[in-house]
1. Where the second residue is assigned to a helix (DSSP H, G or I) and not β-branched (Val, Ile, Thr) and the first is farther than 15 Å from residue 102 by Cβ and lies in region 1-20, which pairs have Cβ atoms under 6 Å and are six or more apart or on separate chains?
2. Please find, among 104, 22, 65, the residue that is at pLDDT 95 or above and closer than 22 Å to residue 3 by Cα.
3. Which of (1) open to solvent by 80 Å² or more (accessible area, probe 1.4 Å); (2) in a helix (DSSP H, G or I); (3) free of Cβ contacts under 8 Å to residues at least 12 places away in the same chain does residue 122 not meet, given it meets every other one?
4. Among the residues of region 36-79, what is the count of those that are more than 28 Å from residue 10 (Cβ to Cβ) and in contact with a helix residue (DSSP H, G or I) (Cβ under 9 Å, 6 or more places away or on another chain)?
5. Give the number of residues within region 55-68 that are in contact with a Leu (Cβ under 8 Å, 6 or more places away or on another chain) and either free of Cβ contacts under 8 Å to residues at least 24 places away in the same chain or among the β-branched types (Val, Ile, Thr) (or both).
Amino acid sequence: MNSKVLMVLRILLGLFVLTFGLNKFLHFIPFGEMAPEAGAYFGALASAKVITLVAIVEIAAGLALLLNKYGALMSVILMSVSVNAVLFHATLAPEGIGPAVALLILNIIALYNYKDSYKGML
């Protein structure tokens with residue numbers, strides 16, 4: 001892929017996760033109605049402070065991707081958030097799966113963009 005296209009996609013991913021990470025603290029994007037099972041799961045995560053940890057990871061990853069510092073590391077760490085978001089929406093809240101799939105696709109593209117950084121790890 002063209003390096004300028006990859007840069008734009010990296011910035012989009014950074015903005016995406018930074019926005020949703022900040023939303024977990026500032027609540028500027030309202031939540032819709034959730035199924036009871038999804039609400040119970042989300043409530044359990046919130047009470048165990050897992051949502052706070054995810055928000056911190058998303059904010060750190062978003063800043064790293066926007067600043068292009070430690071982007072390769074944060075893309076790997078962010079992959080766990082991406083996969084869990086898709087699985088949550090696929091099983092408990094399918095009406096919101098679109099942004100989760102977009103997050104996963106952007107994260108896969110970011111991983112591809114940093115593929116040379118992973119040669120030592122693989």
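The values are calculated or read from the model by the stated rules, or taken from the named source; none is laboratory data. Model, not experiment: these values are computed from the prediction. Note: ideal-geometry Cβ built from the backbone for every residue, glycine included; neighbour counts use all protein chains shown. Surface accessibility is based on the protein's heavy atoms, side chains included, excluding ligands, DNA and RNA. Shrake-Rupley method; radii C 1.70, N 1.55, O 1.52, S 1.80 Å.
1. 6/113
2. Result: 104 is the single residue among 104, 22, 65 that is at pLDDT 95 or above and closer than 22 Å to residue 3 by Cα.
3. (2)
4. We begin by selecting, within region 36-79, every residue more than 28 Å from residue 10 (Cβ to Cβ); these are 36-44, 46-49.
Retained after the next criterion (residues that are in contact with a helix residue (DSSP H, G or I) (Cβ under 9 Å, 6 or more places away or on another chain)): 37-38, 41-42, 44, 46.
Qualifying residue count for the region: 6.
5. The qualifying residues number 2.
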